[in-house]
Amino acid sequence: MLSSRLARPENGPSSTVLRGAPGTGRSALLDALAAQAPTHGLRVLRACGAEAEAELPFSGLHQLLYPLREYIARLPGTQRQALNRAFGLTDGPEPSRFVISAAALALVDTAATAQGPLLLLVDDVVGIDPSSAEVLGFIARRLSGRPVLFLAAATDDDPATLTAGLPELRLRDTGSGTQSASSSDLTAQELRIADLAAQGLTNKQIGERLFLSHRTVSTHLYRIFPKLGISSRAALRDALAAH
């Protein structure tokens with residue numbers, strides 16, 4: 001489950017998209033994780049897309065990371081200037097999107113090192129301004145091994161700028177106001193890989209059996225775990241059996 005990853009945020013997939021139609025409990029799941037995070041020592045930072053701010057460049061980035069502004073002074077000059085400009089703290093020409101993205105990632109790194117692990121939550125991705133979506137997607141795809149968890153709630157119709165390339169956990173309406181993930185959300189190949197991994201085969205052995213490289217198998221497992229709401233191979237057997 002996602003809640004188990006709060007205890008060791010540097011293990012398993014660092015970023016996950018909670019994908020589902022309105023009413024499947026995406027926001028409720030984010031709220032539940034936000035409530036649990038402090039007991040595991042994680043500081044929670046949140047942003048929520050808003051139609052009224054969708055045309056304001058970097059408004060979503062400001063909402064999520066401005067609480068970390070005290071650490072901007074620790075960044076190298078170019079990155080410091082870029083974030084100050086993006087946050088509206090200084091005047092001047094807008095830096096390149098790459099410089100702002102690298103600066104935002106450095107800010108997250110600096111804050112996590114200084115104060116402990118972070119939980120970054122982005123709700124209603126569709127309402128996040130395009131500039132912020134690009135920067136936040138850049139961050140989310142580069143958090144592996146860091147003490148930071150990034151979760152974003154999106155629907156199938158949302159732009160992929162922020163969520164592209166991220167593992168997904170698909171939520172579905174159970175008819176009781178709750179959400180669940182299912183092995184039926186796995187592709188045929190993912191299900192085969194998950195089944196072999198649950199039997200104890202290594203990535204290399206799975207690759208040899210399915211004529212895939214071990215790296216490809218690893219990539220598939222990286223996507224499979226959040227789809228099943230788990231964070232380790234040890235939980236695969238039970239997760240598959242439950243569905």
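Enumerate the amide H contacts of residue 123 below 5 Å, restricted to partners 5 or more residues apart or on another chain; note that Pro and chain-start residues carry no placed amide H.
Long-range HN contacts for residue 123: 47, 48, 49, 153.
Can you work out the FRET efficiency for the pair residue 31 and residue 191, with r the C-beta to C-beta distance and R0 = 41 Å, to the nearest 0.05?
Numbers: r = 31 Å, r/R0 = 0.75.
Using R0 = 41 Å, I get an efficiency of 0.85.
For residue 56 and residue 202, calculate 0.36 nm times their separation in residues minus their Cα-Cα distance, and state this gained length in nm to one decimal. Don't jump to the answer; show the numbers that get you there.
Values: separation 146, 0.36 × 146 = 52.56 nm, distance 4.79 nm.
Extra length from residue 56 to residue 202 when fully extended: 47.8 nm.
Picking from 194, 35, 82, which is most flexible by a Gaussian network model of the chain using Cα springs under 10 Å?
Of 194, 35, 82, the most mobile in the Gaussian network model is 35.
In a GNM of the chain with a 10 Å cut-off on Cα contacts, which of 99, 125, 148 has the highest mean-square fluctuation?
99
Considering only 220, 126, 83, whose Cα is most displaced toward the positive end of the charge dipole of region 76-224, charges sitting on Cβ of Lys, Arg (+1) and Asp, Glu (-1)?
Result: 220.
Apply 1/(1 + (r/R0)^6) to the Cβ-Cβ distance of residue 241 and residue 115, taking R0 = 25 Å, and write down the FRET efficiency to the nearest 0.05. Please report the intermediate quantities before stating the final value.
Numbers: r = 40 Å, r/R0 = 1.60.
Once the sixth-power term is evaluated, E becomes 0.05.
Any chance you could run the full-extension gain for residue 222 through residue 156? It's 0.36 nm times the residue separation minus the Cα-Cα distance, nm to one decimal. Can you show the working numbers first?
On the way: separation 66, 0.36 × 66 = 23.76 nm, distance 2.03 nm.
Length gained, residue 222 through residue 156: 21.7 nm.
Quick query: amide H of residue 150 versus all other amide H atoms, modeled in the peptide plane; which residues come in under 5 Å with a sequence gap of 5 or more or a different chain?
15, 16, 120
Please give the contour-minus-distance gain from residue 211 to residue 8: 0.36 nm per residue of separation, less the Cα-Cα distance, rounded to one decimal in nm.
Numbers: separation 203, 0.36 × 203 = 73.08 nm, distance 3.29 nm.
Extra length available between residue 211 and residue 8 comes to 69.8 nm.
Please work out whether region 3-118 counts as rounded, prolate or oblate from its C-alpha gyration tensor, where a ≥ b ≥ c are the square roots of the eigenvalues and a/c under 1.5 means rounded, while otherwise a/b larger than b/c means prolate and anything else oblate? Kindly include the intermediate steps, with their values, before the conclusion.
Details: a/c = 2.36, a/b = 1.39, b/c = 1.70.
Because a/c hits 1.5 or more and a/b fails to exceed b/c, region 3-118 counts as oblate.
Whole-Hz Karplus ³J(HN,Hα) for region 36-44, in order, using 6.51 cos²θ - 1.76 cosθ + 1.60 and θ = phi - 60°, x for Gly and Pro?
7, 3, x, 5, 9, x, 8, 7, 9
Which of rounded, prolate, oblate describes region 23-83, given a ≥ b ≥ c as roots of the alpha-carbon gyration tensor eigenvalues and a/c under 1.5 marking rounded, otherwise prolate only if a/b is larger than b/c? Walk me through the intermediate numbers first.
Details: a/c = 4.29, a/b = 1.37, b/c = 3.13.
Oblate shape, in that a/c is at least 1.5 and b/c is the bigger or equal ratio.
Using a Gaussian network model of the chain whose springs link C-alpha atoms within less than 10 Å, name the residue from 230, 206, 72 with the highest mean-square fluctuation.
206
How far, in degrees from 0 to 90, does helix 214-228 lean away from the longest principal axis of the Cα atoms of the chain, to the nearest 10?
80 degrees
Laboratory data are not the source of any read-out in this text; all were calculated from the coordinates shown. In this text, all values refer to a predicted model and were calculated from it rather than measured experimentally. Every residue, glycine as well, gets a Cβ built from its backbone with ideal geometry; the counts of neighbours run over all protein chains shown.
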